[in-house]
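Heads up: the structure comes next, in structure tokens.
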Amino acid sequence: MDIDQLVPAPRELPAELTGLREEVREFLAAELAADRWRPGVDSWLSGWDERFSAELGKRGWLGMTVPPEYGGHGRSALDRYVVTEELLAAGAPVAAHWIADRQIAPSLLRFGTEAQRRRYLPGIAAGEIYFGIGMSEPDAGSDLAAVRSRATRVDGGWELTGTKVWTSGAHRAHAFFALVRTSPLDEKHRHAGLSQFIVDLRAPGVTVRPIPLLTGAHHFNEVVFDRVHVPGDMVLGEIGNGWHQVTSELAFERSGPERYLSTFPLLAALLDRAVPAEHARAVGAIVAACWTLRRMSLAVAGALADGAAPEPAAAVVKDLGTRFESDVIELARTVLALPPEPDGTGPPGLLAKAVLHAPGFTLRGGTNEILRGIVARGLGLR
């Protein structure tokens, strides 16, 4: 198998979605005209705005693929893609609902109990319930098989002990999915013995500690469990099936348009300026790369909508997207020929924010080294 075969067949967006795209653009234009927020870089992590999320919920733009019986709208994954693409391209503040809508809702539909779905999905679709993700741990990096947090059976449920890091929004979210060990590590079968739990982030024994960015902004966190009781009905899926569940979930996390649109507001601001002729080729290459990543991301979205779990293809999108985000920053530095201004507006301000957010690009969703290992296994090379 070669790498071209890893990525699903390209998908085209149906022509009838043009109306939906225009509707979203009109809403965003009205929001900007009213100065309710300003375009940002990395807005799906840094732009926490609960009012904005609730507005999207009122318009039916959250929980779009969730069935109506759970408070959703029963629309297609491509409908959702159009809305998501427009929000990210505008640099809109979507962080509050982002993780819940992107991967928690699909995971609940796939692995959750009926009671869990009815408890959480209506609030996710309304933009009123926020989630984080508890995967990474200290000293484990992107190697999820190395997690050491553990859960032990107790009367009425489980008791969790351990630490998670890089948990975006944990200081504001209501709950998160925690990947922990429910059986001792077997070095010959490192992916066995893992399970997922739905953990109330305000439960006794949960401590959330900030991990500030270079900007001083705070959205990453360390979450510590000190004998946290989790009721038995908050097990997600099956005990021991955590690895399969979490890798399915990561396909949603790694392949979406946020993997190439995080720095798009900066690129758009750059293209609004007169580009010096000597940089025209470099700008053209960046635009072509953006279009290629969009095609790949759409292909994975279509495969996910069909019920597939294209983890290697999602890893390709994430790896290439991480490099693209950094390439946009370097191009902006060269073409703008202006120093970034942390307190500035327009391109200099966006450039400053992008530079300060850049160290986190390779952390979220897995480091490039881990992603390339996934691709190598998909190609049969490991």
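For this structure, a couple of remarks:
- Within the stretch 139-159, the set of residues being more than 22 Å from the chain's Cα centre (by Cα) and either basic (Lys, Arg) or assigned to a strand (DSSP E or B) (or both) comprises ARG148, ARG150, ALA151, THR152, ARG153, VAL154, GLY157, TRP158, GLU159.
- Hits in the stretch 24-33 (condition: in contact with an Asp or Glu (Cβ under 9 Å, 6 or more places away or on another chain) and either of a type outside the set (Val, Ile, Thr) or at pLDDT below 95 (or both)): ARG25, PHE27, LEU28, GLU31
- Answer residue from the stretch 39-71, given it is modelled with pLDDT under 95 and touching a Lys or Arg at 6+ places or on another chain (Cβ under 6 Å) and is surrounded by the fewest Cβ atoms within 10 Å (Cβ to Cβ) among those: THR65
- From the options ALA140, ALA145, ALA105, ALA96, residue that is more than 30 Å from THR345 (Cα to Cα) and touching a residue at least 60 places away in the same chain (Cβ under 8 Å): ALA145
- Residue within the stretch 115-137 that is farther than 30 Å from LYS58 by Cα, in contact (Cβ under 8 Å) with a residue 12 or more places away in the chain, not small (Gly, Ala, Ser) and not in a helix (DSSP H, G or I) present: yes
- Filter result (surrounded by 23 or more Cβ atoms within 10 Å (Cβ to Cβ) and closer than 14 Å to LEU261 by Cβ) within the stretch 302-323: VAL317, LYS318, GLY321, THR322
- A single member of LEU356, LEU331 is farther than 17 Å from ALA89 by Cβ, at pLDDT 75 or above and buried (at least 20 other Cβ atoms within 10 Å of the Cβ), and it is LEU331.
- Taken over the stretch 254-278, the criterion of being loosely packed, with under 15 Cβ neighbours inside 10 Å and part of a helix (DSSP H, G or I) is satisfied by LEU271, ALA277, GLU278.
- Annotation note: of GLY63, GLY57, the sole residue that is closer than 19 Å to PRO122 by Cα, touching a residue at least 40 places away in the same chain (Cβ under 8 Å) and either assigned to a helix (DSSP H, G or I) or among the acidic types (Asp, Glu) (or both) is GLY57.
- Counting only residues that are within 28 Å of ALA95 (Cα to Cα) and either surrounded by fewer than 20 Cβ atoms within 10 Å (Cβ to Cβ) or in contact with an Asp or Glu (Cβ under 7 Å, 6 or more places away or on another chain) (or both), the stretch 149-161 holds 2 of them.
- Test: PRO210 is exposed (fewer than 15 other Cβ atoms within 10 Å of the Cβ), part of a strand (DSSP E or B) and not small (Gly, Ala, Ser): yes
- Conditions (1) assigned to a helix (DSSP H, G or I); (2) surrounded by 12 or more Cβ atoms within 10 Å (Cβ to Cβ); (3) modelled with pLDDT of 95 or more; (4) over 21 Å from the mean Cα position of the chain (by Cα); number of the one not met by ARG36: (1)
- Matching residues, the stretch 102-144, being surrounded by fewer than 24 Cβ atoms within 10 Å (Cβ to Cβ) and closer than 17 Å to TRP44 by Cα: ARG102, GLN103, GLU128, ILE129
Conditions (1) of a type in the set (Phe, Trp, Tyr); (2) touching an Asp or Glu at 6+ places or on another chain (Cβ under 7 Å); (3) at pLDDT below 75, marked per residue:
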| site | (1), (2), (3) |
| --- | --- |
| ALA285 | no, no, no |
| THR292 | no, no, no |
| GLY307 | no, no, yes |
| GLU311 | no, no, yes |
| LYS318 | no, no, no |
| THR322 | no, no, no |
| ASP327 | no, no, no |
| PRO347 | no, no, no |
| ALA352 | no, yes, no |
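- Members of the stretch 162-184 found to be more than 21 Å from the chain's Cα centre (by Cα) and either surrounded by 16 or more Cβ atoms within 10 Å (Cβ to Cβ) or on the phi > 0 side of the Ramachandran plot (or both), listed by number: GLY162, ARG181, THR182
- Screening GLY302, GLY240 for residues that are in contact with a Gly (Cβ under 7 Å, 6 or more places away or on another chain) and either over 25 Å from PHE176 (Cα atoms) or at pLDDT 90 or above (or both) leaves exactly one candidate, GLY240.
- TRP98 vs. criteria in contact with a strand residue (DSSP E or B) (Cβ under 6 Å, 6 or more places away or on another chain) and among the aromatic types (Phe, Trp, Tyr): no
- Flag if ARG80 is at pLDDT 95 or above, surrounded by 17 or more Cβ atoms within 10 Å (Cβ to Cβ) and in a helix (DSSP H, G or I): no
- Here PHE197 meets each of (1) surrounded by 19 or more Cβ atoms within 10 Å (Cβ to Cβ); (2) part of a loop (DSSP other than H, G, I, E, B); (3) of a type in the set (A, V, I, L, M, F, W, C) with one exception, condition (2).
The values are calculated or read from the model by the stated rules, or taken from the named source; none is laboratory data. Note that the coordinates shown come from a computational prediction; the quantities given were computed from them, not determined experimentally. Using ideal geometry, Cβ is built from the backbone for each residue, glycine included, and neighbour counts are taken over all protein chains shown.
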